[in-house]
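One structure below.
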Amino acid sequence: MQPVSLRNVSKVYHLDAVEVAALNEVSLDIEAGRFTVISGPSGSGKTTLLNLIGCIDRPDRGEVIIAGQAVQDMKDDALSDFRARHIGFVFQNFNLLPVLSAYENIEYPLLLGKVAPAERRRRVRELIDAVGLTGRGDSRPGQLSGGQRQRVAIARALVHSPALVLADEPTANLDRQTGAAIIALMRQLQHERGVSVVVSSHDPQVQAEADTSIHIRDGQIVDSEAEVTA
Amino acid sequence: MNARALFSLALRNLLRNRRRSLATLLAMIVGLTAILLFGGYRANILYGMQTGFVQQSGHLQIQRRGYFLDGGDSPTAYGIADYPKIIAAIRNDTTLAPLVAMVTPSLRLGGIAGNFAAGVSRSVMAIGLVAQESNRMLAWNDYDMVSYARPLPLAGADEDAVVIGSGLARKLQLCAVLNVPDCSQAPAAAKAAETTNAPDDVLALSAQESAQQPAAARNRIEMLASTARGAPNVASLSVIEAKNMGVKAIDDLYMAMHLSQAQKLIYGASPPAVTAIAVQLHHTAQMPAARTRLEALLGSEFSAEPLEVLDFQTLNPMYGQTDQFMGSMFGFIAVLIGVIVLFTIGNTMGTAVMERTTEIGTLRAIGLRRSGIRRLFMCEALLLGAIGSAAGLASALAIAYAINHSGWTWTPPGYSYAYLILVRVGQNTPLLVGSIVGMIGVTLISAWWPARRAARLEIVDALRHV
Ligand SMILES: Nc1ncnc2c1ncn2[C@@H]1O[C@H](COP(=O)(O)OP(=O)(O)O)[C@@H](O)[C@H]1O
Ligand SMILES: [Mg+2]
């Protein structure tokens, strides 16, 4: 089953009287178990596309099918539950809860999924080790470096074994070296776990890692192996 | 998300901005303390008044219909002749007996008291009572008040003994004999003038009296009253004590005597009556039950006389007026504080929502429902309300303890002596529960709008927020 399938999706923003077409009739399919990179200049529509794939925004037109389910008309609560089950997020600004420890941040999606305590403990510990933060579980985000925070975020995105992990410019707030390490980690975990990962970036370092590359400009896909040609 | 994780998250978020949380808590603490202290003060005043009234005249009184409103001091027209039988019936009634602490008759009468030795006379309001019984009524203290009631020394005293108000003692120039404090005796010249103004026959009478009286018997006065048949009657009485009655208007008129003496004065040889039968219950809460039974009893067995049952609130309109006055003040203070707390917490929560917009977006993206966001903020408010209430309660109890042990006094309007200032917070369950439930309720109401706003944020807008 394809994790992501978009059909003629459009999204328009209204700025006062001006209409901005952030996405224009986009159709694409992403195959399972791939590391997909969306690239394009700033303002080209990468974030908008990822938001639609992540089910945190709705298209104005078209169909969004995630993990086999058409989501564009789902009710808000059902969509929330859907995200909790199937999608993991990594953000540019890490977006950890500052009052929770690294351990608790990673555990949070499991609390939402009502996973039993023993199973929660096992999975969180496993991921803390997997992202290389062994021994740092009790640290608050404020006590961690940017790279470490993004590792916590990656663990949080993977802990509930989602079908799809989305990362919107995950290295934009990291220095080059740390960014490379983070991408390597994501690539490795994606490979080990067979999860589908979609990353947006205009960083050539990231694009080099792609199984599949999608180029976007002015809200349209300009060059992609994933593009559905009519 | 489980409740423990939810509350832990809420608590940590409150601790995040300690200064703001503390300022909010402080507003709640000050507000709750003010409400509880005023409520406790009000309760103390009302319990105090109630205790005084119940000690003096019982919870309920049986009177002849119309006496309370129209009878004034005319015992003759409104006497209850059957009173011994009624009292016996109450004491023997299986429903009433367990409720009743005391049943006792009294007779009110008006008249003129004269100290003819000094050439002065004053009108008085006298009450004839069974001293032993009315003294036992003074022991009623269901609210553990500091009681200012002292037993009348009439119990065991001679038939002609009376106790008068200290104000009346001053007016009758009995200060020296009765050791009344704060007494400035009229200067001799004025006294002479007063004496010469008196009618000749009274002068003659008083001259005769003072000549007869040995120095030790200077406490004797005469009481002039009109009998049931309308003829004047005089009794020679011995004032054994002057008593500060508290309220000056009463202090200047008050006289207490044995019921038998009062009846002799009013009814002479005819069958005696009383103007009231006081019924004191063990607890005020028993009033409705006792009243119902009492009315049934009077209606069946004693229907020959038109009698009515009056409660202490009706007999003492000041009680209801004070209750209402303090109630409206309490309401005003409570609303004022409620509004202040409402806006303080609303502002605190509103700011928290603003500051945490990105977090809200993150939680929503990860899969927390709108209701989860709302619950998170309501939970924070609930926690804030609970902590504020607990701290406010502790603060109110501590201050109440300090006030109650400070020995501060005040003189209520119209009273002639000072009362201890006391506040009843700890023992006042309705006040405690009401204020705390109210405080937490206000907290939740004020958090409702910010929480709703947080829940309704669009995820992508919240995530883009900086
Ligand atoms: N909330 C919004 N309101 C108005 N215009 C927006 C909004 N979000 C994005 N846009 C516009 O949509 C276009 C695509 O934006 P975005 O998806 O953020 O691009 P990228 O992530 O590639 O930089 C841009 O022109 C941007 O200005
Ligand atoms: Mg972007």
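List of remarks:
- Each peptide among B:239-247, A:141-149 gets the average number of other Cβ atoms lying within 10 Å of its residues, and from highest to lowest they stand as B:239-247, A:141-149.
- Global geometry of the stretch A:42-152, whether rounded, prolate or oblate, following the gyration tensor of its Cα atoms and the 1.5 cut on a/c: oblate
- Inter-site label distance for residue B:20 and residue A:193 at 7 Å from Cα along Cβ, in nm: 3.4
- Value of Rg/Rh across the stretch B:337-397 [Cα atoms, Kirkwood radius]: 1.09
- The 3J(HN,Hα) values that the Karplus relation (6.51, -1.76, 1.60; θ = phi - 60°) gives for the stretch B:242-252 are, in residue order, 9, 10, 6, 8, x, 8, 4, 4, 7, 4, 7 Hz. Gly and Pro appear as x.
- Only helices enter this figure: runs of n ≥ 4 DSSP H residues, each worth -39500 (n - 2.57), summed and divided by the residues of chain B, yield -18000 deg cm²/dmol at 222 nm to the nearest 500.
- Across chain B, the convex hull enclosing all Cα atoms gives 198 Å³ per residue.
- In nm, spacing of pseudo-spin labels at residue B:69 and residue B:4 (7 Å Cα→C-beta vector): 6.8
- Residue A:144 sits among other residues whose Cβ lies under 14 Å from its own Cβ, and their net charge, with Lys and Arg +1 and Asp and Glu -1, is +3.
- The mean number of partner chain beta-carbon atoms within 10 angstrom of a residue's beta-carbon across peptide A:54-61 is 3.
- Normalised contact order of chain B, rounded percent, pairs of Cα under 8 Å and 6 or more residues apart: 28
- By the beta carbon rule, with partners counted only under 4.7 Å, chain B holds these lone Cys residues: B:379.
- With a 10 Å cut-off around each Cβ of B:364-377, the average count of Cβ atoms from other chains is 5.
- Ordering A:14-24, B:430-440 by mean Cβ neighbour count within 10 Å, with the highest value first, yields B:430-440, A:14-24.
- Annotation: lysines with alpha-carbon distance below 21 angstrom to residue B:243 (same-chain offsets under eight excluded): B:171.
- When chain A is reduced to its Cα atoms, the Kirkwood hydrodynamic radius in Å: 18.0
- Anchor residue A:75: lysines whose Cα lies under 29 Å away (excluding residues fewer than 8 positions away in-chain): A:11, A:46, A:114
- The mean number of partner chain beta-carbon atoms within 10 angstrom of a residue's beta-carbon across peptide A:102-114 is 3.
- Rg in Å to one decimal, and Dmax rounded to a whole Å, for the protein assembly as shown via C-alpha atoms: 43.7, 138
No value in this document is a laboratory result; all are computed from the given coordinates. Worth saying up front: this structure is predicted, and the values here are computed from it rather than measured. As a convention, Cβ positions derive from the backbone with ideal geometry for all residues, glycine included, and neighbour counts pool all protein chains shown.
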